[in-house]
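**Student:** After the structure tokens below, expect a handful of questions from me.
Coordinate-derived values only; no laboratory data. Quantities reported herein were computed from a predicted structural model and do not represent experimental measurements. Every residue, glycine among them, receives a Cβ derived from its backbone with ideal geometry; neighbour counts consider all protein chains shown.
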Amino acid sequence: MRASALEHPLPYSTSMEIHKAEFVSSFSKEEQCPETGWPEFAFTGRSNVGKSSLINMLTGRKGLAKVSATPGKTQMINFFNINDRWYLVDLPGYGYAKVPKGRQQTLAQMVKEYLIRRRTLALAFMLVDANIPPKRVDLDFANALGEWQVPFAIVFTKTDRYKKGVNQADNIAAFLQALSQSWEPLPPYFLSSTVTGAGRSEILNFIEKTLRRIPHKVSSDQ
């Protein structure tokens, strides 16, 4: 029914090197965000999916994104300058969060407006926990990205965890099967672990591949 705007990732011999990764600022509205013209790669997912840990793993900067034991701590649009070339954007999570319902709705609207309006958004990475069966909230969000015409890839997180009665391969297969009811072909997807570093090279290679397709605009303003 819907089609992904991206191809599945092709391998490169070496991954992108991250020689600079620094926090820029936090914003509550899309129109407040930087206007450098740099491509942006946004990371989103349920509130307890391990987004901050993945960002730190990808950039190789422990503590760059604040990791909290309490889901829902990210409540702003956080921009990180990567290599003076592109932005990594940490979006508030969706789903369960220990914040009032009204605040959840405000955050959801903030994320929606960023994803829909942001002209320099190159790609959204949607994170999904590999340790749980498909959640309707994740499937609905993936379909919303399609309706909003936002190119995206899926990152299955926490693949290093092994719990009795949990079959990650079955969970991933079930999620992709459910998603295939709306998507043909399926969006690109990756398996990741912030403990072992699995998926880091593949994700960074895919970002590099995407960047090569985008005319690069240099600006000193942030």
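**Student:** Fewest first, what order do Trp148, Trp86, Trp183 take by the number of other Cβ atoms within 10 Å?
**Tutor:** Listing Trp148, Trp86, Trp183 from fewest to most nearby Cβ atoms yields Trp148, Trp183, Trp86.
**Student:** Would you pull out the residues with amide H under 5 Å of Val24's amide H, same chain only if 5 or more places away, H placed 1.01 Å from N?
**Tutor:** Correct list: Phe79, Phe80, Asn81.
**Student:** What number do you get for region 21-212 when its Cα radius of gyration is normalised by 2.2 N^0.38 Å, N = residues?
**Tutor:** Scaled against compact globular proteins, the figure is 0.97.
**Student:** Roughly what % of DSSP beta bridges within region 21-212 run antiparallel, to the nearest 5?
**Tutor:** Restricted to region 21-212, the bridges split so that about 35 percent are antiparallel.
**Student:** Determine the gain in length on full extension of the stretch Ser201-Arg119; use 0.36 nm per residue of separation and subtract their C-alpha separation, reporting nm with one decimal.
**Tutor:** Here the answer is 26.9 nm.
**Student:** For the pair Ser180 and Lys20, how long in nm is the line joining their label points, each one 7 Å along Cα→Cβ?
**Tutor:** 4.4 nm
**Student:** For Phe125, which sequence-distant residues (separation of 5 or more, or a different chain) have an amide H within less than 5 Å of its own amide H, given hydrogens modelled in the peptide plane?
**Tutor:** Ala42, Phe43, Thr44, Ala153
**Student:** Holding the Cα-Cα limit at 28 Å, pick out from Lys29/Lys163; Lys51/Lys163; Lys101/Lys164; Lys62/Lys164; Lys29/Lys158; Lys62/Lys163 the pairs that are longer than that.
**Tutor:** Lys29/Lys163; Lys101/Lys164; Lys62/Lys164; Lys29/Lys158
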